[in-house]
Structures are given as C-alpha cells and as structure tokens.
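*Asks:* Just passing along the structure, written as structure tokens.
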Amino acid sequence: MNKLQGKTALVTGGNSGIGLATAKLFREQGAKVIVTARSPETYAKAKKEYGDLFDVVQTDVSKLEDLDRLYAHIKSKYDGLDVIFANAGVAAFAPSTDSTAEFFDRHFDTNVRGLYFTVTKALPLLRPGSSVVLNASVVASKGFDGSSVYSATKAAVRSFARSWTAEIPAEKARFNVLSPGPIETPIFGKMGLTAEQAAGFTEGMKKSIPARRLGRPEEMANVALFLASSDSSYLLGADIVADGGLGQI
C-alpha cells in the first residue's frame, strides 16, 4: 500500500536536489505534491520539466507575501495539507572574518525566517495527524571550519522542532527533523568555493565520513518519507541524522 495515499504534500525547494527526490518519492507513494521554486528562472525550468508531476508554484520563502500567495493557492485548490517538507534553503561557507552582513542575512532570511513562516503560516491548513519534516543538517550539532553562519541557521531549525512539539498537540501535527550530511546535490556546488576548492572539500569529506562517500538525494528522500508517513507515528521532536556516520563518531 502506498504510504501517502490520498495525502496532500508541500515540498519547498522541490525543484532540485533533496527536495526534488523527495517530491518524486512522495508522488510515487500516492500524494498530491506541491513544490516551490524560488526564482522566475528556476520556476520556469521546474514547470517545464515537472509540471505534469507536481503543482509547481513560484515562491521565495523569505518573502512573506510569497508564502501568503502559496497558501491561498493551496487553500483554494486542495483545502488543506497533510505533509510539509520544509526543505528550501541556501548554503555557503566563509570564515567568520569574511562573513558580511549580507551573507548573514541571506542565510537567516531563508533558512530561519523563511522556514519559520513556511510552517507557522501553514498551521491553519494542516489536517489532523499531519507531519511536518524540517530539513536541517549535521552541522547543527558539529562544528566545521567556515560554517558558523550556516550552522547557526540549522541549529535554529533543530530548535524549532522541539518548541513546536511542545506547543502544538500531536493530534494536530508531528514535527521532526531530517539532518543530512554532505549530499551530492546542486547546492553542494554553490557554497562559494572554486572548482578546485570544491573538489578538495569533497575529497576531504569522503575521508572524514565513515561511509567513505557522499550521500545521495534519494537516500534522504527515503528518510523524509519515513518521517512523513505513519511509519514514524511515535516520533515527535526527533532529529534523524543521515550523514554516513560523519557526526556520530
């Protein structure tokens, strides 16, 4: 039996990487899936390539008016939601001495403010027994050189799951976290590194990861499905760290 049969799911940042892999799996498991893409360019590309699979909506989660428009659309077309995968985010690394206010704000506006209002503005639409999955990172609990800003945003995401679990009855919604390690996705190549630096970073990561490889988006999608479905019915406020062992030893 499909694990999300008859459910309506929202995947923010569902046009690439972990979000796209998860959106595809959710659809395979019976859900109607809405995905967001941030810019006009990424929206047009996603609409062209995946418009027959998903309901693609252009949404910059850092803009509250975009979220209001997204949820008005969902209310009108679907009347509610059963699953949210709050996945949209940005990632770049820089030493603290080089982190500008613009760099700081870009990360916090999307990864923290954007995710916070993605969830809170959706609360009236959540049907009883809904599941909300927040995409964080192993860096929320493990320090890496150059990751002070990005890590802080993901630690905030982890904190949200705890607070919402304490605040909102489980009968209404469950809140859990997926914390990936380094994954082979487009965002991995957009961290402000040169090609040579990115290659060196990747090789260094592989040596540090007990699995000796980067993760795949499909592996993260499997965890997101577990958290979204009734298979994880007794998990509340949990953080599933899917990192090949990087942060566990």
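We did not get these values from a lab; they are worked out from the coordinates using the rules stated. This structure is a prediction, so every number in the text was calculated from the model and none was measured. Heads up, the Cβs are rebuilt from the backbone with ideal geometry, glycines too, and the neighbour counts pull from every protein chain shown.
*Asks:* Charges at C-beta only: +1 for Lys and Arg, -1 for Asp and Glu. How large is the resulting dipole of the stretch 112-249 about its Cα centre, in Debye rounded to 20?
*Replies:* The calculated dipole for the stretch 112-249 is roughly 200 debye.
*Asks:* Got a sec? Charge dipole of the stretch 210-249, +1 on Cβ for Lys and Arg, -1 for Asp and Glu; which of L214, L236, A224 is way out at the positive end?
*Replies:* L214
*Asks:* Can you pick out the pairs among K7/K172; K3/K48; K47/K172 whose Cα atoms lie more than 23 Å from each other?
*Replies:* Correct reply: K3/K48; K47/K172.
*Asks:* Among T118, G89, P182, whose Cα lies farthest out toward the positive end of the dipole of the chain, if unit charges sit on the beta carbon of Lys, Arg (+1) and Asp, Glu (-1)?
*Replies:* T118
*Asks:* Size of the dipole of the stretch 8-241 about the Cα centre, Lys and Arg at +1 and Asp and Glu at -1 on the beta carbon, nothing else charged, in debye to 20?
*Replies:* Computed charge dipole of the stretch 8-241: roughly 260 debye.
*Asks:* Using the alpha-carbon atoms, what tilt in degrees (0 to 90, nearest 10) does helix 148-167 show relative to the longest principal axis of the chain?
*Replies:* Approximately 30 degrees, to the nearest 10.
*Asks:* State the answer as a single residue: which of Q248, S16, G80 lies farthest towards the positive end of the charge dipole of the chain, with beta carbon charges of +1 for Lys and Arg and -1 for Asp and Glu, about the Cα centre.
*Replies:* Result: G80, furthest along the dipole toward the positive end.
*Asks:* Here is a follow-up. Treat every Asp and Glu Cβ in the stretch 95-158 as -1 and every Lys and Arg Cβ as +1, leave all other atoms uncharged, and give the resulting dipole magnitude about the Cα centre to the nearest 20 debye.
*Replies:* 420
*Asks:* Label E41 and T100 with points 7 Å out from Cα along Cα→Cβ: what is the distance between them in nm?
*Replies:* That separation, rounded to one decimal, is 1.9 nm.
*Asks:* Let me ask something additional. Which cross-chain or sequence-distant (5 or more) residues have an amide H under 5 Å from the amide H of A242, H modelled 1.01 Å from N in plane?
*Replies:* Residues meeting the amide H criterion: S179, G181.
*Asks:* With everything on Cα atoms, drop me the angle between helix 17-28 and the longest principal axis of the chain, reported from 0 to 90° to the nearest 10.
*Replies:* Approximately 30 degrees, to the nearest 10.
*Asks:* Here's a follow-up. Through the Karplus equation 6.51 cos²θ - 1.76 cosθ + 1.60, θ set to phi - 60°, convert the phi angles of the stretch 49-63 into ³J(HN,Hα) values in whole Hz; use x for Gly and Pro.
*Replies:* 8, 10, x, 7, 9, 10, 8, 8, 10, 6, 8, 9, 5, 6, 10
*Asks:* Same structure again: Give the peptides 9-17, 153-161 in descending order of average Cβ contacts within 10 Å, highest first. Don't skip to the end; give the middle numbers.
*Replies:* Numbers: 9-17: 27.0, 153-161: 20.3.
Top of the packing list down: 9-17, 153-161.
*Asks:* In percent, what relative contact order does the stretch 121-171 have, based on Cα pairs under 8 Å that are 6 or more apart in sequence?
*Replies:* It rounds to 37 percent for the stretch 121-171.
*Asks:* Can you pull the one-decimal nm distance between simple spin-label points at K77 and A152, each 7 Å off the Cα toward Cβ?
*Replies:* Output for this residue pair reads 3.7 nm.
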